[in-house]
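Just below is one structure, and these are the notes that go with it.
The values are calculated or read from the model by the stated rules, or taken from the named source; none is laboratory data. Only a predicted model underlies this, so the values are computations on that prediction, with no experimental measurement involved. Counting neighbours? That spans all protein chains shown, and the Cβs are built from the backbone with ideal geometry, glycine included. Side chains included, ligands, DNA and RNA excluded: accessible areas come from the protein's heavy atoms. Shrake-Rupley method; radii C 1.70, N 1.55, O 1.52, S 1.80 Å.
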Amino acid sequence: MTAIESTLHALLKTGHAVVNARYDTTEPYAVTFGFPGAEWVISRELLAEALHCGQSGIGDVRVTARGDLITVGLTGPDGSGWVVFRRDDLAELVASTFDAVRPGTEADAIDWSAAAEVFPGVSLR
């Protein structure tokens, strides 16, 4: 298991905040962001697509890149909000996740043994 942890400075509606970002190779599709009082799990592909194309996402998570900033819009059952990151900080985080698990190889990084126990006799490949 490899974990990447990063502390990102962010702007929230309530002001400046420090956000803890964590990427674990055992869950290679996701980046977990720890906000003050909340935690969100966001697809690393969603973040990468916004960095490359300028925007990504529909529904609960929308990511928009403009200039040197990235805005992540979040909506949940208890309300909605947004967070703004420096583009370079988020790009560095995403690049480090790609170094840990290359895009397209995520399924190889997952330990499927628990699924095999729950679904005996089912082919996992």
I need the phi-derived Karplus couplings for segment 21-38: 6.51 cos²θ - 1.76 cosθ + 1.60, θ = phi - 60°, integer Hz, Gly and Pro marked x.
10, 9, 10, 10, 5, 6, 10, x, 8, 10, 10, 9, 10, x, 8, x, x, 7
Computed helical MRE - 222 nm, the chain, DSSP H runs ≥ 4 contributing -39500 (n - 2.57), nearest 500
-7500 deg cm²/dmol
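Averaging over all projection directions, find the projected area of the Cα convex hull of the chain and quote it in nm² with one decimal place. Intermediate values should be presented prior to the final figure.
On the way: hull surface 35.6 nm².
Answer in nm², one decimal: 8.9.
Mind listing which chymotrypsin sites (Phe, Trp or Tyr not before Pro) in segment 15-87 are in a DSSP loop and have 14 or fewer other Cβ atoms within 10 Å? Don't jump to the answer; show the numbers that get you there.
Working: sites: Tyr23, Tyr29, Phe33, Trp40, Trp82, Phe85; in loops: Tyr29.
Hits after loop and neighbour filter: nothing returned.
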Compute the long axis of helix 44-53 from its Cα atoms, compare it with the longest principal axis of the Cα atoms of the chain, and write down the angle in degrees, 0 to 90, nearest 10.
50 degrees
If you fit an axis through the alpha-carbon atoms of helix 87-100 and take the longest principal axis of the Cα set of the chain, what angle between them do you get, 0 to 90°, nearest 10?
10 degrees
About the Cα centre of the chain, how large is the charge dipole given +1 on each Lys and Arg Cβ and -1 on each Asp and Glu Cβ? Please answer in debye to the nearest 20.
400 debye
Heads up, I need the accessible area for Ser80: 1.4 angstrom probe, whole protein in place, Å², nearest 10.
100 Å²
